[in-house]
Amino acid sequence: MFEQPSDDPAEPTRDPANKAKEKADEFRMHAELFAVFEATRKFDAQIIPALDPNHAREVQRGMAKLEKAKAPDSPLLPETSIVDAATLLKFAGKHDLSTNDYHVHRRPGEVIIVRWIEGDQVETFYERLQAHFNAAMDGFKEDEKQSLEWKQDPETAAYLKALDAIEIKMAERYLREPIQKLNLFVLSTQTADELNINYLADYVMSVPASEIVGGASAPPEDGATEHDLAWFFKLFSLRGMKNGVEQMCFFAFLQKAEDTFDLE
């Protein structure tokens, strides 16, 4: 899906704990990708390619503004950004846009996708986020154990021990309890310089790529090259509360990998 690392993940590194953590971070990002985009496959969500260009631009600018306002090493938004964050979370209701669905605005070689969820939909998101992470992490632990435990060197033993010790509660990682109890607003992002658009379309969403990026920008059905499939991808995940109800807004920006882009 993303660009593959140059090292062999089956070979222990000099820092076993860091290597185990890197795999956990990779699976966490994959889990988020699935939890955000699987609703067409799991929960009857629709792809609605009619997002008003002005609305798309407003959300885009809002997310870029929030990203600039927060500290680089923390997803917590400062108090000065509370009004802007709340505005984005309330945007769907204000403009009569459905929650759960994927609202899409397309330009040649560029796609904006916005999805709002609230209440029980947020609960389902966290359940799915944890399930995806657990499945990937548990499977990898078992594979690594079977493939490496025959080795007797201390480095391999330390790596397998560090890997086995990883147990991440995704709701904690995404600061769900502080959001609920302290009325915080949180923004996290993930970026891929080259996302395989067919992976997102076929495997995650179970729709043709043309439904996401449009027919003119979709890769050919036969003989697609890496160049045809590669899209720059950035996902913003905004979380907070509105009138005691948990809210989330996901904003995804995709652009053909060879093109230039500006999120502002």
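The values are calculated or read from the model by the stated rules, or taken from the named source; none is laboratory data. The shown structure was predicted, so the numbers you read here are calculated from the model rather than taken from an experiment. Every residue, glycine as well, gets a Cβ built from its backbone with ideal geometry; the counts of neighbours run over all protein chains shown.
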Single unsatisfied condition, Asp73 versus (1) more than 26 Å from Asn243 (Cβ to Cβ); (2) surrounded by 14 or more Cβ atoms within 10 Å (Cβ to Cβ); (3) among the acidic types (Asp, Glu):
(2)
Taking segment 98-108 and keeping residues in contact (Cβ under 8 Å) with a residue 40 or more places away in the chain, within 18 Å of Ile47 (Cβ to Cβ) and not basic (Lys, Arg) leaves Ser98, Asn100, Asp101, Tyr102, His103, Val104, His105
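Is it the case that Arg115 is in contact with a strand residue (DSSP E or B) (Cβ under 6 Å, 6 or more places away or on another chain) and either of a type in the set (A, V, I, L, M, F, W, C) or outside any helix (DSSP H, G or I) (or both)?
Working: in contact with a strand residue (DSSP E or B) (Cβ under 6 Å, 6 or more places away or on another chain): yes; either of a type in the set (A, V, I, L, M, F, W, C) or outside any helix (DSSP H, G or I) (or both): yes.
So Arg115 fits the description; yes.
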(1) without any contact (Cβ under 8 Å) to a residue 12 or more places away in the chain; (2) part of a helix (DSSP H, G or I): which one isn't true of Pro72, the others all being true?
(2)
In this structure, does Leu129 turn out to be buried (at least 18 other Cβ atoms within 10 Å of the Cβ) and either more than 20 Å from Phe185 (Cα to Cα) or touching a Ser or Thr at 6+ places or on another chain (Cβ under 7 Å) (or both)?
no
Tell me yes or no: at least one residue of segment 17-31 is crowded, with 19+ Cβ neighbours inside 10 Å, modelled with pLDDT of 95 or more and either under 19 Å from Val111 (Cβ atoms) or of a type in the set (S, T, N, Q) (or both).
no
Among the residues of segment 96-122, which ones are touching a Phe, Trp or Tyr at 6+ places or on another chain (Cβ under 6 Å) and of a type in the set (S, T, N, Q)?
Thr99
Under 19 Å from the mean Cα position of the chain (by Cα), at pLDDT 95 or above and closer than 23 Å to Gln60 by Cβ, is that true of Ala201?
yes
How many residues, within segment 75-86, are assigned to a helix (DSSP H, G or I) and in contact with a Lys or Arg (Cβ under 8 Å, 6 or more places away or on another chain)?
3
Quick check on this structure: which one of Ser74, Ser98, Ser81 is of a type in the set (S, T, N, Q), over 19 Å from the mean Cα position of the chain (by Cα) and within 19 Å of Leu175 (Cα to Cα)?
Ser81
If you go through segment 224-232 one residue at a time, do you hit one that is of a type outside the set (Phe, Trp, Tyr), part of a loop (DSSP other than H, G, I, E, B) and within 22 Å of Glu38 (Cα to Cα)?
no
Which one is surrounded by the fewest Cβ atoms within 10 Å (Cβ to Cβ) among residues in segment 32-47 that are at pLDDT 95 or above and assigned to a loop (DSSP other than H, G, I, E, B)?
Gln46
For the subset of segment 233-264 comprising residues that are more than 13 Å from the chain's Cα centre (by Cα) and small (Gly, Ala, Ser), which member is modelled with the highest pLDDT?
Gly240
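Quick one: which residue in Glu144, Glu123, Glu155 is among the acidic types (Asp, Glu), part of a helix (DSSP H, G or I) and at pLDDT 90 or above?
Numbers: Glu144 fails: at pLDDT 90 or above; Glu155 fails: at pLDDT 90 or above.
Glu123 is the lone residue from the list that is among the acidic types (Asp, Glu), part of a helix (DSSP H, G or I) and at pLDDT 90 or above.
Yes or no: Ala56 over 13 Å from the mean Cα position of the chain (by Cα), closer than 20 Å to Asn100 by Cα and not in a loop (DSSP other than H, G, I, E, B)? First the steps, then the outcome.
On the way: over 13 Å from the mean Cα position of the chain (by Cα): yes; closer than 20 Å to Asn100 by Cα: yes; not in a loop (DSSP other than H, G, I, E, B): yes.
The answer is yes for Ala56.
Rundown of residues vs (1) out of contact with any Lys or Arg (no Cβ under 9 Å at 6 or more places or on another chain); (2) in a helix (DSSP H, G or I), yes/no style:
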{"residue": "Asp164", "(1), (2)": "no, yes"}
{"residue": "Ala171", "(1), (2)": "yes, yes"}
{"residue": "Pro178", "(1), (2)": "yes, yes"}
{"residue": "Gln190", "(1), (2)": "no, no"}
{"residue": "Glu211", "(1), (2)": "yes, yes"}
